[in-house]
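The values are calculated or read from the model by the stated rules, or taken from the named source; none is laboratory data. Just so you know, these numbers come straight off a predicted model, no measurement behind them. Here Cβ is always computed from backbone atoms with ideal geometry, including for glycine, and neighbour counts include all displayed protein chains.
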Amino acid sequence: MKTDKKLIGTGLLTAIAASLCCITPVLALIAGTSGLASTFSWLEPFRPYFIGLTILVLGFAWYQKLKPLRKIDCNCEVTEKPNFMQTSSFLGIVTVFAGLLLSFPIYSHIFFSQTKSKTIITQTSKIQKVEFAIKGMTCSGCEQHIKTEINRLKGIVEVVVSYEKGNAIVKFDSKQTSITEIENAINSTGYKAINSKTIS
C-alpha cells in the first residue's frame, strides 16, 4: 500500500532529522572535514518534536499493519505475496533503525578516539586553566569532537567539555601551547569559541 510506504518513509525521515545534529560531528570527523560538524546544530531545538513525530508515525504504521483485516465475502482467491517493503519485517527493520538514530546521542562517544594527552610538564608555574564559552554544541558527540581536537595540541594536561554548560575547561602548559591555539582548535570543529577566562 502507498500509505504504508509513506508512513514508513516519514518515520525514517523524522528519525534522521531528529539525529542529524548529533550524527554530523561523527560523519565530519570520519570524512576529515571537522569544520562541518556544527552544520545542523540549529535543528536541536526541534529534536523533541521530531522524536514525537517519529514515534507517532511509526506507531500508526504498526497499528495499520497489525489491525485485523475485514473479511470480504467473495469466491476469489488472493494468493499475491506482498512486496517486501509492505511486510512487517521491513517495518520492524525501519523501527529498529529509527530507534538507533533517536538514541544516537547516548552512544555517540564510542565513535571518537579517546586521545589522552602525553604532556611532560617542565614547570608547574606555566600551567594555566582556562574556561572557553562555546556556541553550537547540542550533545555528547559535540563534546567528544571538541575534546578530540583540543587533545591533539601539545601541552594539554586536561580537558573537560560540557554541551549543557556550553563550555570547555582546559588545563594546559602555556610554554607548549596558547589560548589562541586552543580557540583555533575549537573553531576548526565548526563550533565557535566565543570568549575565554582564566580560572585560578
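Hey, can you tell me all the residues within segment 133-158 that are among the hydrophobic types (A, V, I, L, M, F, W, C) and buried (at least 22 other Cβ atoms within 10 Å of the Cβ)?
The answer is Ile134, Met137, Cys139, Cys142, Ile146, Ile150, Ile156.
Condition (residue is touching a helix residue (DSSP H, G or I) at 6+ places or on another chain (Cβ under 8 Å) and at pLDDT below 90) applied to segment 162-170: is it met by at least one residue?
First pass over segment 162-170, keeping only residues touching a helix residue (DSSP H, G or I) at 6+ places or on another chain (Cβ under 8 Å): 162-163, 168, 170.
Imposing the further condition that a residue be at pLDDT below 90 reduces the set to 163.
Yes; the residues of segment 162-170 include at least one that is touching a helix residue (DSSP H, G or I) at 6+ places or on another chain (Cβ under 8 Å) and at pLDDT below 90.
Looking at this structure, is Ile134 in contact (Cβ under 8 Å) with a residue 40 or more places away in the chain, in a strand (DSSP E or B) and within 20 Å of Arg47 (Cβ to Cβ)?
Against the criterion (in contact (Cβ under 8 Å) with a residue 40 or more places away in the chain, in a strand (DSSP E or B) and within 20 Å of Arg47 (Cβ to Cβ)), Ile134 qualifies.
Checking the condition surrounded by 14 or more Cβ atoms within 10 Å (Cβ to Cβ), among the aliphatic types (A, V, I, L, M) and at pLDDT below 65, which residue from Ala28, Ala61, Ala15 passes? Break it down into steps so the answer makes sense when it comes.
Working: Ala61 fails: at pLDDT below 65; Ala15 fails: at pLDDT below 65.
Step by step, each of Ala28, Ala61, Ala15 is checked, and only Ala28 is surrounded by 14 or more Cβ atoms within 10 Å (Cβ to Cβ), among the aliphatic types (A, V, I, L, M) and at pLDDT below 65.
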